Every structure is written in C-alpha cells, then in structure tokens.
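Okay, structure first, notes after.
The values are calculated or read from the model by the stated rules, or taken from the named source; none is laboratory data. Just so you know, these numbers come straight off a predicted model, no measurement behind them. Backbone-built Cβ (ideal geometry, glycine too); neighbour counts: all protein chains shown. Accessible surface is based on the protein model in full, side chains and every heavy atom, while ligands, DNA and RNA are left aside. Shrake-Rupley method; radii C 1.70, N 1.55, O 1.52, S 1.80 Å.
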Amino acid sequence: MNASITEHKRTSLAEFAAERLIRGSGIMAIVFVFLIFAFLLREGLPAFTEVPLDNLFSARWYPIEEYYGILPLIFGSLVVTIGAAIIAMPIGLLTAIFIAEIAPRWLREILKPLIEVVAGIPSVVLGFFGVVILSSLVRETLNLPTGLTAFTGSVILAYMALPTIVSVAEDALDAVPRSYRDAALALGATKWQTIWMVTVKAGKSGILTAMMLGIGRAIGETMAVLMVTGNAARVALEPGALFMPVRTMTATIAAEMGEVAQGSAHFHVLFAIGIVLFVITFLVNLVASFAIFRQSKRSARLLS
Amino acid sequence: MERTPKIVIEHLNFTYDDGTESLLDVSSTIYANEITVIFGPAGGGKSTLLRVINRLNDLAAGKSMTGRVLLDGQDIYAKEVDVTALRRKVGIVFAQPQPLPLSLRANIEYGPRLAGVRDKQKLDQLVEQSLTQAALWDEVKDRLNDSGYALSGGQQQRLCLARVLALEPEVILMDEPMSGLDPLSTAKIEDSMQQLKQLYTIVIAPHNIQQAARVADNAAFFLQGRLIEEGTGKQLFTKPKDKRTEDYIMGRFG
Ligand SMILES: Nc1ncnc2c1ncn2[C@@H]1O[C@H](COP(=O)(O)OP(=O)(O)OP(=O)(O)O)[C@@H](O)[C@H]1O
Ligand SMILES: [Mg+2]
C-alpha cells in the first residue's frame, strides 16, 4: 500500500516536470513570435513618419529617387498569388481525386512518395527551371516581349503549392469511409457522381485545409518568384497585367535589403512592407481558419 | 401458386484478392414475391453473396469470380448491362447504416433524383411512402430537413431501408438490417415486409435465427462459403435434412 503511494508520487513528479517543459516551450514559441513582430514594428513604423503617406501609398516604387510607393508591390504579390491559386486549386483537387479514387493501387504506391519528393525540391532550383525553360516557353507560345511575367511566377508558385494541396487533400479523401461510397453506389450513383456528391462533400473540410496550406506556402515564397517575375514594380490595372513583369513584396525585400543603408528611410520602408505582408498573411489565415471552423461546425452538425 | 424464378445463381465462386475463398460453387434460385432467408455462422459468405448480386464487389476487393447470376434470365455480369440501372432494380440495405452527409429528405430523394425523377410532388410522395413502409414516418415527419446523422442508430437503419424503398426496386437485399433495432421496430418492419413482398422480391440475411425462422418463405443455409441446404422455411427450420444445418439450428435454439 505504502509503496504504491510513493510510486504514484514519483510518477506525478515526472509528470509535473514534463508538463512544465511542454508549457515552457509553448510559451517560448509565442514569445518569439511577439518579439519578431515587435522588432518588425520598431524598424518598420518609422517609415510611416519619415515618408509622407501619399508617397508611401503611391504607384511609384523608385527608392533611389525617394519614391516609395508600395502599391505596385502589393499588387504584384496579389496578382502572382491569386494566379497561382487559380491554377493550383483545381489541378490539385483533381490530382488528389485521381490518386485517392481512380488510380489502381500500384500506381498510387508510386505517385504518393513521388509527390513528397516534388515537395522537397528547393525553390532556387524551381526558379532556375522557371528562368531557363518556362520563361522562354511562355515568351514564345504567347508571343510576349519577355517571358519573365506575373503569369510565369504564378505557374512556378502553383507548382510549389501543388504537392501540399495534393497530399493533404488526398489524405482527406482517403479518410472518407468506404461505406459512404457503397451507400451512394448502391443507390444507383455512377462512380463520378459518387466522387463529386459524396466523397468530396464528406472530405470538404480537409480539402479546404489543403487549399489554405498550399496557398499559404505560395504567399510567403520569395526565391523562385524573385527569379521569374521580371521585377518591374508597377501597377498595371489592365487585362494584360498577368502577362507583364511584376515585382512582389517578398522579392523586393529580398533583393534590396542587402544593399540598403541601415536606418535610412528606404530601410524602414522595407520593414514596413514586411508589416504589410505580415498583416495580409495574418488576415488570410484568420479568414481561412474562420472558414474551416465554421465548416467543421457545420460538418459536426451533419456528421455527429 | 405458381412460383416465378427471379434470380438464378449458377456455380458461383468468389475469391477476394487476399485469397479468401468466400463462395464455393453456389447454385440457387430465388423466387419472385417471396422472402428468401440466407443464414449461417459468421464468415459463411452471406454478405459476399448479396454484394455479388448487385455488383457492389465490382470495384472492390474481388479477385476472381466464376459462374453466373441471372436476373429475369439476363446475366447481370454481361457486358451490355448498365450497372447503375441494375443497382436501382436490386437495392441493398447494409448491416451498418450509413446515411449520406445530407438531410433526411435528401437522403431519400437521392436515389430517385439520380434516376431522373424531378417532379416535386412525386418526390414528396416517395419520401412519405418509403418512410411509412420503413416504419419511420411518424418519428421524423416534422424534421425532414435535419441531418441524417441526427437519428438514433436504429432510426438510421430504417432510414437506409426507406432510401432503398424509394428507388422502387424489384429486389431488396437486406444484410442484417435489424441488428440495431428494438423489438417493437423489428416487429413493425417484419409486418411491413409481409406487405412489401407482394411488390418485391426480398432476400434477407438476418442476424438471428429466430427472426430467420419467422420471416422465411424460403431459406438457404451457408457454411464456410458453401450452400449446404435449401428449402422452404418451414421444412428447413423444423425438419432439416443435413446434419450440419440441424446442429446449427439446434445449437441456437438451445
Ligand atoms: N473485403 C474483403 N476482403 C477479403 N476478405 C473478405 C472481405 N469481405 C469478406 N471477406 C471474407 O470472406 C468470407 C465471407 O465473408 P462474408 O462477409 O461474406 O460473411 P458473412 O456470412 O456475411 O458473415 P457475417 O455473419 O459475420 O456477416 C470471410 O472469410 C471474410 O473474412
Ligand atoms: Mg455479413
């Protein structure tokens, strides 16, 4: 009796230590995020006083002559990311459906690890591929003056988002119980009707998560985009904008941070761009998790 | 009364792709407007047989199948057969009820809509009629727009039966459809089956032998993939010819 009581004491000590350790690491992670954000604010906020706001929110980015308009950079990021989303989401979903529902078992065994490999390709390598092969392909087939365009960036980013979208969406589809499919088939649904109306529907929240994770990867990507988008900072609100060179926020920071004088207005503006990027990413994540949250509540209502 | 053969099974063998031989040289005839009971111990091949009859094993783990299954004299595995049309004619109710992620009403309308029924009045009528036949209408008539998952297990089972009835099939296969039902609902459904057999051919693999004996016009005993004995319900459950059938029935009856 006595022995068992002390034994219990010892395990609860270990448990106490483990809990403290886990809690400590959790708090550390949160503290680091706040520190980074505080640093970003400290370096970026001065930009809003040093540079007149009408300059900062103008359409001209030409730091050498003290034009610090960040609109073209925001615009560039949006065009490239939305383009990537439009390309990657349908292809990713269809590929996931193919692997989970249609491909024979042996093919699935080959494709799944292959996709993991694709996910591991460094973005510089993809950027190189984009500059050398994709951009000339784009220039020749679309008959453009240059192949380094927003569209080229979208294609490369879509390619980077695809492995994430495919593997997470495939898991979501795979997790839908076989009995759902049987139930639909037994009621006279064809294979396609079963996939669209039952399997995809039942795996909806997982598929949505897949999309968000994939696009999340695309927004923050720097290297490949820097290499293939042509780096022309301008707002071109015209139909052909997708096929012209643009410059994204991430590419601007990466390209210019190295050569700017620390503490200068230009330096602070680059950090301000970082703040804008941070806020946009934060909003996207917020909207996404809100959507997923509502989704899961709806499916919980439906599934429980 | 003249008996019309509805389904004829000829020398059927079925092996799953892991090598399990689930049906061995099964030949049998299922007659129209009768309740045929297939029974036997677990793993005897009852579910496999039902799934073969409406071709649900097509996509799945079936490694090899030989023999023929004829519906009204037509080989259901022939090339020209439209599988979805076949499955509408031969409905199946599974042991584990699986509502689709839709409302109650949509669960029932799903099959008829796929078959091209669009008329609102016809759909409403199908919903009420099939839920009534499945002894569920009174419990759910005020909440047809709730999720199919908002029902108890036994209600879900009756929902799945109603869903199949709404297809207005010719044959209804029931794989342990009453395993989750209380005695009252079981009695209701058994009653309703006596009515339904005027319209349909019913094949049922009940989960207990008393129920098998209660509903069977015709019965077949399966043991380890083989059809051991078949006959009228009366004959099989009171005077079985085969020793193994007798042992099984006696064992269960105590
Ligand atoms: N998908 C499958 N893959 C491989 N083997 C299977 C599969 N389904 C069933 N089997 C095997 O086939 C045999 C017959 O199974 P079946 O489900 O038809 O039996 P049953 O008579 O319905 O049993 P129960 O009364 O337990 O429902 C069993 O040996 C089972 O293990
Ligand atoms: Mg079974």
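Points worth noting:
- Scanning region B:115-125 for residues being open to solvent by 70 Å² or more (accessible area, probe 1.4 Å) and in a loop (DSSP other than H, G, I, E, B) gives a total of 2.
- Selection of region B:146-182 for residues being at pLDDT 90 or above and surrounded by fewer than 19 Cβ atoms within 10 Å (Cβ to Cβ) yields B:168, B:170.
- The single condition among (1) of a type in the set (Gly, Ala, Ser); (2) at pLDDT 90 or above; (3) touching a Gly at 6+ places or on another chain (Cβ under 7 Å) that residue A:167 does not satisfy is (3).
- Count of residues meeting criterion [within 11 Å of ligand 1 (Cβ to nearest atom), at positive phi and surrounded by 16 or more Cβ atoms within 10 Å (Cβ to Cβ)] in region B:18-56: 2
- Matching residues, region B:108-136, being under 26 Å from residue B:48 (Cβ atoms) and at the interface with another protein chain (Cβ under 10 Å from one of its Cβ atoms): B:110, B:111, B:114
Rundown of residues vs (1) more than 14 Å from every other protein chain (Cβ to nearest Cβ); (2) more than 16 Å from ligand 2 (Cβ to nearest atom); (3) on the phi < 0 side of the Ramachandran plot; (4) free of Cβ contacts under 8 Å to residues at least 12 places away in the same chain, yes/no style:
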position: B:177; (1), (2), (3), (4): no, no, yes, no
position: B:193; (1), (2), (3), (4): yes, yes, yes, no
position: B:209; (1), (2), (3), (4): yes, no, yes, no
position: B:212; (1), (2), (3), (4): yes, no, yes, no
position: B:218; (1), (2), (3), (4): yes, yes, yes, no
position: B:222; (1), (2), (3), (4): yes, no, yes, no
position: B:225; (1), (2), (3), (4): yes, no, no, no
position: B:235; (1), (2), (3), (4): yes, yes, yes, yes
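- Residue within region A:170-177 that is under 20 Å from the mean Cα position of the chain (by Cα) and within 14 Å of another protein chain (Cβ to nearest Cβ) present: yes
- Yes/no for residue B:53 being within 14 Å of chain A (Cβ to nearest Cβ), farther than 24 Å from residue A:105 by Cβ, within 16 Å of ligand 2 (Cβ to nearest atom) and of a type in the set (A, V, I, L, M): yes
- Flag if residue B:90 is touching a residue at least 60 places away in the same chain (Cβ under 8 Å), touching a helix residue (DSSP H, G or I) at 6+ places or on another chain (Cβ under 8 Å) and more than 15 Å from ligand 1 (Cβ to nearest atom): yes
- Complete set of residues in region B:66-97 that are surrounded by 16 or more Cβ atoms within 10 Å (Cβ to Cβ) and of a type in the set (D, E, K, R): B:87, B:88, B:89
- Looking across region A:256-280, the residues that are open to solvent by 40 Å² or more (accessible area, probe 1.4 Å) and either of a type in the set (Asp, Glu) or touching a helix residue (DSSP H, G or I) at 6+ places or on another chain (Cβ under 8 Å) (or both) come down to A:257, A:259, A:261, A:278, A:280.
- Of the residues making up region B:61-83, at least one is at pLDDT below 90, within 16 Å of ligand 2 (Cβ to nearest atom) and over 17 Å from the mean Cα position of the chain (by Cα).
- Just one of the numbered conditions (1) buried (at least 21 other Cβ atoms within 10 Å of the Cβ); (2) away from every other protein chain (no Cβ under 11 Å); (3) not small (Gly, Ala, Ser) is not true of residue B:5: (1).
- In summary, helices (runs of 4 or more DSSP H) completely within region A:28-145 and bearing 1 or more residues that are among the basic types (Lys, Arg) and within 27 Å of the chain's Cα centre (by Cα) occur at A:105-119, A:135-142.
- Test result for residue B:47, modelled with pLDDT of 90 or more, closer than 21 Å to residue A:185 by Cα and of a type in the set (Ser, Thr, Tyr): yes
- Qualifying residue in region A:212-226 (condition: at pLDDT 90 or above, farther than 19 Å from residue A:76 by Cβ and away from chain B (no Cβ under 14 Å)): no
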